[in-house]
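The values are calculated or read from the model by the stated rules, or taken from the named source; none is laboratory data. Here the structure is a predicted model, which means the values were calculated and not measured. Here the Cβ positions follow ideal geometry from the backbone for every residue, glycine too, while neighbour counts run over all protein chains shown.
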Amino acid sequence: MPSIDPSSPPAPASTGGADQPPARDRRLLASTILGVLWGTFPGLAGIYIIYDLESIAKFLQSDPEHGFWGFVAVFVLSAGLGLLPTYAQAFLGGWVFGLKWGLLGSIVGFTGGAAVGYLFARLVTGGSVDHWIDRHPRGRVIRDALVRGSTLRTFTIVTLLRLPPASPFALTNFALSATRVPFKLMLLATPLGMLPRTAIVCFLAASAASTGATSIKSAYDNTPLPIFIGGIVATVIIMMAIGKIAERALQKMTTA
């Protein structure tokens, strides 16, 4: 019979099997899956709105008042949960409700969506991503440079992260939540950063709908080809310029 040394510490209690991963690792796995889904799914789902634009527009226009608030509510939940992209929903808003109300509804929609996405990502990730960053010196330095400075600096960086047209909304919510950017600060910076690109999308949609078009195809048919192509080219140039300005400003902020 083996002897037992009374001075030796007791063996740790079992937590459910040697092959069971720690809770933090499970959180990190869930965080990884959520990040992948939010980085890919919204862009694919947005194609549906553009494809079925005519049917969706008719449904919303059948009762404009309820249709508007229904549009906002769906925008908040679908953007926040990473189901639909903001650009497609903003286009729908401009198409159905015009520039003024389409833009207003989109601002409320993506601001509410940012809150939902941030809180949902926090629920899934907990502190797992932050702990993972803490274990990697380079990641910790980058994280701290981005979000652990002054309030004004962090607010400016979050605004610049939201500004580029190519900035994925759901994935940015995930990153801001995982790195624990202050919630109120994120909520204030989001509409400021996303306003320019959203205004452009709503303006394009409202302009196309004003021709009497009921779909993207009919908008193309109702618009002279030079104007149609010129509008697309001008939009691309403006969007690229916004992205470049944000990129350069962000680079200066993070290397200062």
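A few points about this structure:
- Filtered residues of segment 171-184 (kept if in contact with a Lys or Arg (Cβ under 6 Å, 6 or more places away or on another chain) and surrounded by 19 or more Cβ atoms within 10 Å (Cβ to Cβ)): SER177
- All helices (runs of 4 or more DSSP H) inside segment 59-150 with 1 or more residues being modelled with pLDDT of 90 or more: 64-80, 86-125
Yes/no matrix, rows are residues, columns are (1) out of contact with any Phe, Trp or Tyr (no Cβ under 9 Å at 6 or more places or on another chain); (2) basic (Lys, Arg); (3) surrounded by fewer than 21 Cβ atoms within 10 Å (Cβ to Cβ); (4) touching a residue at least 12 places away in the same chain (Cβ under 8 Å):
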| residue | (1), (2), (3), (4) |
| --- | --- |
| ASP52 | yes, no, yes, no |
| TRP69 | yes, no, yes, no |
| PHE91 | yes, no, no, yes |
| GLY98 | yes, no, yes, yes |
| GLY102 | no, no, no, yes |
| ILE107 | yes, no, no, yes |
| VAL116 | yes, no, yes, yes |
| ARG122 | no, yes, yes, yes |
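Residue-by-condition table, conditions (1) surrounded by 15 or more Cβ atoms within 10 Å (Cβ to Cβ); (2) among the aliphatic types (A, V, I, L, M); (3) at pLDDT 70 or above:
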{"residue": "MET186", "(1), (2), (3)": "yes, yes, yes"}
{"residue": "THR190", "(1), (2), (3)": "yes, no, yes"}
{"residue": "GLY193", "(1), (2), (3)": "yes, no, yes"}
{"residue": "PRO196", "(1), (2), (3)": "yes, no, yes"}
{"residue": "CYS202", "(1), (2), (3)": "yes, no, yes"}
{"residue": "SER207", "(1), (2), (3)": "yes, no, yes"}
{"residue": "THR223", "(1), (2), (3)": "yes, no, no"}
{"residue": "ILE238", "(1), (2), (3)": "no, yes, no"}
{"residue": "LEU250", "(1), (2), (3)": "yes, yes, no"}
